[in-house]
Amino acid sequence: MLDKAHISGANEVSQTRDGADHAPAHVIVCGNEKGGAGKTTTAMHIIVALLNKGFRVASIDIDGRQRTLSHYIENRERWCKKHSLLLPMPSHFAMPVTDDIDSVSEKEAWEFEQLATRLQEVDENFDFVVIDTPGFHSYLMRLAHSLADTLVTPINESFVDLDVLATFRPESL
């Protein structure tokens, strides 16, 4: 099973380029296989809360098609520019779409490399990385979940949302 140490090569404490010790970035993954559960909104609230506490935050949107977290951040940047505001912003990366790769194994290797590269950069420069996942099952989603130090799974209070996480029989509870 992959873990953050496999991808980043980090131990509990590693050294920056200047030789200073630092703890690896804490990885927070917002995930739920169901779309519309509030993953992206929750991710953005976590990002803003951490930034407002003074932490160095990176964000990764691994849904290259929908790019919802990327749109949130782009809208925040535009709002700040339009109103001459200086609000803290994460260092953001959006995974590109890989439609031009036909082989499943080649696509997974490419996605692994892209995520590994981002996490290596993050480990050296940030306290937290918040990863927003798509609302569907994919290799990249599973990979992100395997790297989580903290996993946040927002759900709506409907039986449909609860059924994604566990079998739920309303009549017998």
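Observations on the model:
- Computed from backbone phi, the HN-Hα couplings of the stretch 86-96 come to 10, 9, x, 10, x, 7, 10, 9, 10, 5, x Hz, rounded to whole numbers (Karplus: 6.51 cos²θ - 1.76 cosθ + 1.60, θ = phi - 60°; Gly and Pro given as x).
- Near the amide H of VAL129, within less than 5 Å, lie the amide hydrogens of HIS26, VAL27, ILE28, ALA58, all on another chain or at least 5 residues away, with H placed in the peptide plane.
- Placed amide H near ASP63: partners under 5 Å, 5+ positions off or other chain: MET95
- Each peptide in 88-96, 59-67 receives the mean, over its residues, of other Cβ atoms within 10 Å, and ordering these scores from highest gives 59-67, 88-96.
- Ordering of 99-108, 77-86 by packing [mean C-beta count within 10 Å, highest first]: 99-108, 77-86
- The length gained on full extension between TYR139 and GLU171, counted as 0.36 nm times the residue separation minus their Cα-Cα distance, comes to 8.0 nm.
- The label point for GLN66 and the one for ARG78, both projected 7 Å from the Cα toward the Cβ, are 2.0 nm apart.
- The phi torsions of the stretch 40-52, fed into the Karplus equation with coefficients 6.51, -1.76 and 1.60 and a -60° offset, translate into couplings of 5, 4, 5, 4, 5, 5, 5, 4, 5, 4, 5, 4, 5 Hz, rounded to whole numbers, with Gly and Pro shown as x.
- Length available on full extension from SER103 to HIS45: 0.36 nm per residue minus the Cα-Cα distance, which gives 17.2 nm.
- Derived scalar couplings ³J(HN,Hα) [the stretch 103-113; Karplus, 6.51 cos²θ - 1.76 cosθ + 1.60; whole Hz; x for Gly, Pro]: 6, 4, 5, 5, 5, 5, 5, 5, 4, 4, 4
Every read-out reported here was derived from the displayed coordinates using simple, explicitly stated rules and does not represent laboratory data. These numbers come from a predicted model, not from an experiment. Neighbour counts run over all protein chains shown; Cβ positions are idealised from the backbone, glycine included.
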